[in-house]
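Peer 1: Next up is a structure, given as structure tokens.
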Amino acid sequence: MKLSGAPLLLALLGLSLPALADSSNGISIKAGTLGAGIEYYHGLTDNVNVRLGVNAFNVNGEIEKASLKYDADLELRSASLIFDYHPFDSSGFRLSAGAFYNGNKAKLEALAIDGEYKFNGKTYKVEDVGSAKGEITFQKFAPYVGLGWAFAPNSTSSWSFNVELGAFYHNTPETQLDVTCGKSLSTSQCNALLDNVVAEQKEFERDIQEYKWYPVFTLGAHYRF
């Protein structure tokens, strides 16, 4: 069988040139400190891919900061754009960088202990306080760095487990405490309470100001097609 002209040239190019890109796509299902998530994967070159993901979860618990204990509802909501670089063709090890849209926040409700609240070290009875709620929010744009393990660039398998360890930077969390006065307080007593709430909020902010990085650890399964 003879090859001539354009067919021969294409055959020679196919034999002599390496693949310029990994055109594979895939889907990952994962869970971890971001909650439950799903990612779409697309190969850009043999050693570089891009991932688009979304994550969500709700967690309830108690936290104690400054003078108060809070019932906290943590809402994990995030979306990611991450690029991976695989330095070794035969290894699944990867280095990652990208960014998150960070919609994480915590809704707080102050808890009365033995029928009393404490704001800025001052004690108030339950009837002195109409409501005591708050919220912690974070910077929306959050740069990300990490490393992990997934498909090796030269792998032909359709399935793989993946693991990732990293962190994104969401800067200093912002805190808002909203307290209303109970009907038992006079105007002057109410103003004093609100002043103590402002001081309590500042103390709360000082307690959490070092939490500028959010740890990312996930485990998942990946299907490539």
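Peer 1: Working carefully through the options Gly121, Gly103, Gly130, Gly134, find the one that is at positive phi and either modelled with pLDDT under 95 or surrounded by 15 or more Cβ atoms within 10 Å (Cβ to Cβ) (or both).
Peer 2: Gly121
Peer 1: I'm checking my understanding of the structure. Among residues of the range 36-49 that are β-branched (Val, Ile, Thr) and over 30 Å from Ala106 (Cα atoms), which one is nearest to the chain's Cα centre (by Cα)? Walk me through how you get there before you give the answer.
Peer 2: Taking the range 36-49 and keeping what is β-branched (Val, Ile, Thr), we get 38, 45, 48.
With over 30 Å from Ala106 (Cα atoms) added as a condition, the list becomes 45, 48.
Details: Thr45: 27, Val48: 23 Å.
Step by step, filter the range 36-49, then rank; the result is Val48.
Peer 1: Another one. How many residues, within the range 27-45, are at negative phi and buried (at least 19 other Cβ atoms within 10 Å of the Cβ)?
Peer 2: Total meeting the criteria: 7.
Peer 1: Given the criteria in contact with a Ser or Thr (Cβ under 6 Å, 6 or more places away or on another chain) and either in contact (Cβ under 8 Å) with a residue 40 or more places away in the chain or assigned to a strand (DSSP E or B) (or both), does Gly134 qualify?
Peer 2: Taking the combined requirement at face value, the residue does not satisfy it.
Peer 1: If the Cβ limit is 7 Å and pairs must be 6+ apart or interchain, which residue in the range 90-118 that is touching a residue at least 60 places away in the same chain (Cβ under 8 Å) pairs with which residue that is of a type in the set (S, T, N, Q)?
Peer 2: Pairs that qualify, where the first residue is touching a residue at least 60 places away in the same chain (Cβ under 8 Å) and the partner is of a type in the set (S, T, N, Q), are Ser90/Asn154; Phe100/Ser78; Phe100/Ser80; Asn102/Ser78; Asn102/Gln139; Asn104/Ser78.
Peer 1: Output the residue which, of all residues in the range 30-47 that are β-branched (Val, Ile, Thr) and in a loop (DSSP other than H, G, I, E, B), is farthest from Phe161 (Cα to Cα).
Peer 2: Thr45
Peer 1: On the basis of being among the acidic types (Asp, Glu), in contact with a strand residue (DSSP E or B) (Cβ under 6 Å, 6 or more places away or on another chain), surrounded by 14 or more Cβ atoms within 10 Å (Cβ to Cβ) and closer than 19 Å to Thr175 by Cβ, does Asp84 make the cut?
Peer 2: no
Peer 1: Output the residues belonging to the range 148-164 that are within 25 Å of the chain's Cα centre (by Cα) and surrounded by 15 or more Cβ atoms within 10 Å (Cβ to Cβ).
Peer 2: Passing the criteria: Gly148, Trp149, Ala150, Phe151, Ser160, Asn162, Val163, Glu164.
Peer 1: May I pose another question? Please pick out the residue among Gln139, Gln189 that is in contact with an Asp or Glu (Cβ under 9 Å, 6 or more places away or on another chain), in a helix (DSSP H, G or I), over 26 Å from Ile27 (Cβ atoms) and of a type in the set (S, T, N, Q). Walk me through how you get there before you give the answer.
Peer 2: On the way: Gln139 fails: in a helix (DSSP H, G or I).
Every option except Gln189 fails the conditions.
The values are calculated or read from the model by the stated rules, or taken from the named source; none is laboratory data. Values in this document were obtained by computation on a predicted structure and should not be read as measured data. A quick note on method: Cβ atoms are made from the backbone with ideal geometry, for glycine too, and the neighbour counts reach across all protein chains shown.
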